[in-house]
1. Got at least one residue in region 147-156 being in a helix (DSSP H, G or I), of a type in the set (Phe, Trp, Tyr) and modelled with pLDDT under 95?
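The values are calculated or read from the model by the stated rules, or taken from the named source; none is laboratory data. Keep in mind it's a predicted model, so treat the numbers as computed, not measured. When the accessible area is computed, the model is the full protein with side chains, heavy atoms only, and any ligands, DNA or RNA have been set aside. Shrake-Rupley method; radii C 1.70, N 1.55, O 1.52, S 1.80 Å.
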Amino acid sequence: MERHGVDMPHVEGKDQEPQLFRESKEQQQGEENREEEAGRGPASANRQLMMLEGKSGPFSSLDSSIDILKKRAQELIENINESRQKDHALMTNFRDSLKIKVSDLTEKLEERMYQIYNHHNKIIQEKLQEFTQKMAKISHLETELKQVCHTVETVYKDLCVQPEATISEEEQTHKDGEC
């Protein structure tokens, strides 16, 4: 961010003298009247100094009015610049504070995410272990079932092939047809 200040422009008072004179003349005269009543003050001192120098007249008050306005304008510009500097410092502090908070929240979120990952990894590992055990049991049962089938097949063949002396040939054919 850039800090923008206000600079007082250099103004030639020739074009604006009548306007400035009108705007501040009443204010100036009111202040001079009060100061004259009190018999002191910078306006009466300035007037007395100008009289001593031989510069009394309507333009001398105009010059002092312009000087007063320039001073006030310069003070206002300085106040604006100071205010902007304070605003800039405030925004810089706010941005830095916000960065710190966002960084902290990001770290907490990341830590929580890894905790969840670890929890899910444990669950997945347990399920995989159960699955492996069940697959081993299924494999073992499959092997036993094959052995039982082989045994039943062997017994059946042995039963079908055995010759009996009392069985007639027809019965034998009938039995062979069943096997």
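1. yes
One line per residue, one yes/no per condition, for (1) modelled with pLDDT of 95 or more; (2) open to solvent by 90 Å² or more (accessible area, probe 1.4 Å); (3) of a type in the set (Gly, Ala, Ser):
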{"position": "34", "(1), (2), (3)": "no, yes, no"}
{"position": "52", "(1), (2), (3)": "no, yes, no"}
{"position": "59", "(1), (2), (3)": "no, yes, no"}
{"position": "75", "(1), (2), (3)": "yes, yes, no"}
{"position": "81", "(1), (2), (3)": "yes, no, no"}
{"position": "90", "(1), (2), (3)": "yes, yes, no"}
{"position": "97", "(1), (2), (3)": "yes, no, yes"}
{"position": "111", "(1), (2), (3)": "yes, yes, no"}
